[in-house]
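Trainee: My questions will all concern the structure given below.
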Amino acid sequence: MKNIFKILFAVILLSTFFYACDKDSSAITSGDSSNTGQGGSLAKFAIQGNLMYKVEGTMLKVYDVSNTSNTVLLNSIDLKNTGVETIFSNSQYLFFGTQNGMLIYGLSKPSAPNYISTYTHVVSCDPVVVQGNTAYVTLSTGNQCNRGLNQLEAIDITDITSPTLLKVYRMGNPKGMAVAGKYLYLCDQAAGFKVLDITDNMNIVEVARISNLLAYDVIASGNILTITSTSGVYQYDCSDPLNLIFLSKIASQK
């Protein structure tokens with residue numbers, strides 16, 4: 001069932017991206033004002049300008065998607081890591097969540113990302129999102145990694161060549177997440193969908209929660225949250241992050 005949600009999530013994101021390209025010849029944008037298309041934090045692809053980065057096994061494939069009817073493979077890069085799970089991009093770097101840590105690649109030459117550094121933790125499947133000089137990683141149990149912990153880690157990437165752990169926050173069973181402004185939206189499975197204030201990374205505070213939403217992943221785009229859960233895909237208005245407003249639901253097929 002989770003694979004169905006991932007496919008639907010990808011279709012939603014890519015449909016939005018290609019619509020934006022047809023409309024104004026630019027990709028959809030993220031909060032950092034760069035031309036960045038971002039899937040959920042559990043996605044294996046990300047769009048930066050006219051390039052799409054896609055994880056395929058141990059390989060990173062770089063595609064030119066400027067012509068939506070004819071994508072072109074530009075490069076294939078061996079990540080030399082068999083446990084790459086997720087990818088997140090901003091205007092300067094690619095961040096890969098793996099089963100044993102976070103890989104960082106530079107985008108000084110966008111069509112040929114270069115390895116910069118690795119942040120290592122215990123074996124645990126994990127996604128990663130980034131805001132400013134901080135990366136946020138969730139580690140969770142109940143997956144193929146088996147030996148993980150259930151926690152959120154805030155990581156200082158001010159020195160991109162040497163990421164360092166700031167603080168660990170215990171969670172129920174965290175999965176996907178999204179970051180926008182001073183808020184982190186976190187899918188903590190049975191513990192609910194959480195809104196965390198990350199103004200102070202040494203004192204991250206939960207400020208809102210949807211207790212009955214068994215969420216798996218989330219995309220934050222403008223004032224809209226698109227959330228996958230065990231029961232379907234939801235949309236919430238997050239104009240006021242402390243008071244999320246339900247907008248719509250696409251129910252999953254039983």
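Trainee: Here are Ser111, Ser91, Ser124: which of them is at pLDDT 85 or above, assigned to a loop (DSSP other than H, G, I, E, B) and out of contact with any helix residue (DSSP H, G or I) (no Cβ under 9 Å at 6 or more places or on another chain)?
Mentor: Of Ser111, Ser91, Ser124, the one residue that is at pLDDT 85 or above, assigned to a loop (DSSP other than H, G, I, E, B) and out of contact with any helix residue (DSSP H, G or I) (no Cβ under 9 Å at 6 or more places or on another chain) is Ser111.
Trainee: Hey, another quick one. Could you grab me the full set of residues in segment 43-63 that are of a type outside the set (D, E, K, R) and part of a strand (DSSP E or B)?
Mentor: Selection gives Phe45, Ala46, Ile47, Gln48, Leu51, Met52, Tyr53, Val55, Met59, Leu60, Val62, Tyr63.
Trainee: In segment 172-222, how many are within 27 Å of Ser117 (Cβ to Cβ), modelled with pLDDT under 95 and assigned to a loop (DSSP other than H, G, I, E, B)?
Mentor: Here the count works out to 4.
Trainee: Inspect segment 139-160 for any residue being modelled with pLDDT of 95 or more, within 23 Å of Glu85 (Cα to Cα), surrounded by fewer than 18 Cβ atoms within 10 Å (Cβ to Cβ) and not aromatic (Phe, Trp, Tyr) and give the result as yes or no.
Mentor: yes
Trainee: Let me ask you something else. Surrounded by fewer than 18 Cβ atoms within 10 Å (Cβ to Cβ), of a type in the set (S, T, N, Q) and assigned to a strand (DSSP E or B): does that describe Ser248?
Mentor: Answer is yes for this residue.
The values are calculated or read from the model by the stated rules, or taken from the named source; none is laboratory data. Please read these numbers as outputs of a predicted model, since none were measured by experiment. Positions of Cβ are backbone-derived with ideal geometry, glycine not excepted, and every protein chain shown enters the neighbour counts.
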